[in-house]
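One structure below.
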Amino acid sequence: MDGRGRDRGRCSSPFKHPIPPNSPAAVGGGGGSGSNSSSDYKKKQNSSPPSDSGETKLNIFDICPPKQDGIVVLNPPLFAKNRERRNEMKQRGERGQVLREGMVLLKGYIPLIDQVKIVKRCRDLGMGSGGFYQPGYGDGTKLHLKMMCLGKNWDPETNQYSLQRPFDGAKPPHIPPDFHRLIQEAIRDSHALIQQHSKTKTNPQLILPSISPDICIVNFYSQDGQLGLHQDKDESEQSLQQGLPVVSFSIGDSADFLYGDDRDMDKAKKVVLESGDVLIFGGKSRKIFHGVTAVHPTTAPNLLLKQTNLRPGRLNLTFRQY
Ligand code: SIN
Ligand code: MN
């Protein structure tokens with residue numbers, strides 16, 4: 001990424017407030033994880049069970065905290081699942097929008113069954129080494145979300161990628177192979193959409209290049225989570241020059257996503273990203289300013305919540321190629 005760290009820090013972003021450590025009210029990411037010094041982190045790792053908020057003293061953040069009420073959720077029968085999947089597949093590709101050159105929104109693209117898998121995978125990875133934490137800056141300010149990196153670590157303080165997290169030395173987990181399949185399908189369907197929309201016979205690969213992502217930044221926004229307008233621009237010169245896209249998956253509650261050519265909220269356009277949407281921006285749109293201004297409570301699909309126990313909020317995965 002990203003330019004959302006330092007750049008955001010420099011401007012007087014409405015999203016960057018000093019947040020006292022362990023202040024759940026102030027923490028957009030869904031509970032205050034406080035400071036994550038490495039000794040603190042390790043000390044707490046072996047001890048405490050999840051609290052009511054789903055967070056252990058270790059600062060492990062559980063996006064799917066166990067149910068407290070003892071209700072058993074039955075999985076829907078296979079037939080119903082398959083029917084749902086067939087319907088979803090039929091719609092796939094039919095609900096795409098070209099938002100601007102190089103920017104495509106595939107509405108309801110990720111089948112529910114895959115959304116469930118992604119949430120469960122992120123939950124497992126998020127609770128292990130290199131898992132979710134609340135990023136912040138040396139001056140004590142925190143981002144209003146929880147974050148985990150896959151493939152490479154992105155440091156909001158330095159805006160740089162590395163193989164290990166500076167604060168605890170953890171190596172980011174690998175990107176699960178299933179995620180790659182979905183990305184390739186989304187790029188392929190975006191190319192078909194671009195071709196349909198284009199009056200000329202331009203090669204869609206020139207408008208929106210393909211990628212082999214080696215980085216994924218997973219953000220979890222609780223219901224007051226936000227992310228200020230920023231550009232994703234910390235990938236390699238070559239990647240940025242070629243306009244290799246950012247591919248973004250949204251799961252859980254819907255959110256207002258702003259985008260535009262400047263860091264100006266008033267000039268930015270808004271689109272609502274819902275659970276299962278895939279947004280891709282590359283080519284001429286690779287360096288758009290973008291951010292999340294609001295998460296809409298109780299908009300996540302019921303079945304997703306039943307099957308994953310995903311906490312209120314929104315999970316977002318952005319894939320990039322360094
Ligand atoms: C990001 O820009 O890193 C995340 C965007 C989103 O949450 O949709
Ligand atoms: Mn971004």
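A compact table of results
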{"read-out": "Filter result (among the hydrophobic types (A, V, I, L, M, F, W, C) and out of contact with any Pro (no Cβ under 8 Å at 6 or more places or on another chain)) within the stretch 164-178", "value": "167, 170"}
{"read-out": "Sole residue being of a type in the set (A, V, I, L, M), over 16 Å from the mean Cα position of the chain (by Cα) and closer than 15 Å to residue 285 by Cα, chosen from 208, 229, 258", "value": "208"}
{"read-out": "Single residue of 233, 267 found to be farther than 17 Å from residue 183 by Cα and free of Cβ contacts under 8 Å to residues at least 40 places away in the same chain", "value": "267"}
{"read-out": "Selection status of residue 225, in a loop (DSSP other than H, G, I, E, B), touching a Gly at 6+ places or on another chain (Cβ under 7 Å) and within 13 Å of ligand 1 (Cβ to nearest atom)", "value": "yes"}
{"read-out": "Single residue of the stretch 150-182 satisfying the filter (of a type in the set (Ser, Thr, Tyr) and touching a strand residue (DSSP E or B) at 6+ places or on another chain (Cβ under 6 Å)) that is farthest from residue 219 (Cα to Cα)", "value": "162"}
{"read-out": "Every residue from the stretch 276-322 that is free of Cβ contacts under 8 Å to residues at least 60 places away in the same chain and among the β-branched types (Val, Ile, Thr)", "value": "298, 299"}
{"read-out": "Within the stretch 233-259, tally of residues that are touching a helix residue (DSSP H, G or I) at 6+ places or on another chain (Cβ under 9 Å), closer than 23 Å to residue 127 by Cβ and within 14 Å of ligand 2 (Cβ to nearest atom)", "value": "1"}
{"read-out": "Residues (crowded, with 24+ Cβ neighbours inside 10 Å and more than 13 Å from residue 251 (Cα to Cα)) located in the stretch 273-284", "value": "280, 281, 282"}
{"read-out": "Counted residues, the stretch 234-271 - those being assigned to a strand (DSSP E or B) and surrounded by 15 or more Cβ atoms within 10 Å (Cβ to Cβ)", "value": "14"}
{"read-out": "Residue tally, condition assigned to a loop (DSSP other than H, G, I, E, B) and more than 9 Å from residue 252 (Cβ to Cβ), over the stretch 285-317", "value": "7"}
{"read-out": "Single condition residue 115 does not satisfy, out of (1) under 25 Å from residue 295 (Cβ atoms); (2) modelled with pLDDT under 95; (3) outside any loop (DSSP other than H, G, I, E, B)", "value": "(2)"}
{"read-out": "Scope the stretch 190-232; condition more than 16 Å from ligand 2 (Cβ to nearest atom) and either touching a Phe, Trp or Tyr at 6+ places or on another chain (Cβ under 6 Å) or under 24 Å from residue 64 (Cβ atoms) (or both); matching residues", "value": "214, 222, 223, 224"}
{"read-out": "Selection count where residues are more than 17 Å from the chain's Cα centre (by Cα), in a loop (DSSP other than H, G, I, E, B) and not charged (D, E, K, R), scope the stretch 160-179", "value": "6"}
{"read-out": "In the stretch 129-151, the residues that are touching a helix residue (DSSP H, G or I) at 6+ places or on another chain (Cβ under 9 Å) and closer than 16 Å to residue 318 by Cα", "value": "131, 132, 146, 148, 150"}
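The values are calculated or read from the model by the stated rules, or taken from the named source; none is laboratory data. The shown structure was predicted, so the numbers you read here are calculated from the model rather than taken from an experiment. Please note: Cβ atoms are built from the backbone with ideal geometry, for glycine as well, and neighbour counts cover all protein chains shown.
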